[in-house]
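These notes are about the structure you will find just below.
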Amino acid sequence: MKRRGVGLRWSPAHPGRVDGARWVPSPNHDARPVGTQVDLLVIHAISLPPDRFSGDAIEALFTNTLDCDAHPYFDQLRDLRVSAHFLIRRRGELLQFVATDARAWHAGVSSFAGRERCNEFSIGIELEGTERHPFTAAQYRRLVALTLLLAQRHPLRHVAAHSDIAPGRKWDPGPHFDWGRYLAALRAAGAPEPARTAAR
């Protein structure tokens, strides 16, 4: 995949950071193992509280600043330390929490094609949404542009749902994520899309 993501570019000053994304640094990351090839893109979905698409709770969760007394659902998140590389909100706003050269803590216990610990070799993209709601056109446009840009820096060969790499434990991005639409848009941009391959 060679074409640049529309409206996005790699930061010349900050390796692994995207100009065009709002930078919200998360402490929840560490170094990838030396020599690791980042070849897997993992698509997630999240809303906090569930089914609510506003506010800064997702950002707060990923930066360890969530007020866990603000909503009953948040109580179960008190000791959670997680992040993703990117979040795409409902109107297409792009946030970045971790540089792509680093390991974000998005996959948890996971495996893909016989490889364990998917955080080591993947990039995690969260879409604001749930399994009960379709994703927005703005989110698909931003996701395609971001995928094209990521493939300039990383040898992405596979794309998977969080539910593919953690089956039975995770549901996201769920039945309303239109894989055909996403992959067709990559093809329309003149880019060979990464293989959509479920974990084994």
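Look at (1) over 23 Å from GLY7 (Cα atoms); (2) touching a strand residue (DSSP E or B) at 6+ places or on another chain (Cβ under 9 Å) and you find that GLY168 fails only one, number (2). Scanning the range 11-43 for residues that are assigned to a loop (DSSP other than H, G, I, E, B) and basic (Lys, Arg) gives ARG17, ARG32. Inspection of the range 44-56 finds a residue satisfying the criterion of being touching a helix residue (DSSP H, G or I) at 6+ places or on another chain (Cβ under 8 Å) and loosely packed, with under 13 Cβ neighbours inside 10 Å. Looking only at residues in the range 154-198 that are of a type in the set (Ser, Thr, Tyr) and out of contact with any Gly (no Cβ under 8 Å at 6 or more places or on another chain), the one that is farthest from ARG17 (Cα to Cα) is THR197.
Just to be sure, is GLU116 at pLDDT 95 or above and within 15 Å of the chain's Cα centre (by Cα)? No; evaluated as a whole, the condition is false for this residue. Of all residues in the range 63-105, those being under 21 Å from GLU120 (Cα atoms), touching a Phe, Trp or Tyr at 6+ places or on another chain (Cβ under 8 Å), assigned to a loop (DSSP other than H, G, I, E, B) and without any contact (Cβ under 8 Å) to a residue 60 or more places away in the chain number 6. Take the conditions more than 26 Å from ARG132 (Cα to Cα), in contact with a Phe, Trp or Tyr (Cβ under 6 Å, 6 or more places away or on another chain) and not β-branched (Val, Ile, Thr) and apply them to ASN28. Does it pass? Criteria met by ASN28.
The values are calculated or read from the model by the stated rules, or taken from the named source; none is laboratory data. All figures in this text were calculated on a predicted structure; none of them were measured in a lab. No Cβ is skipped: glycine too gets one built from the backbone with ideal geometry, and neighbour counts run over all protein chains shown.
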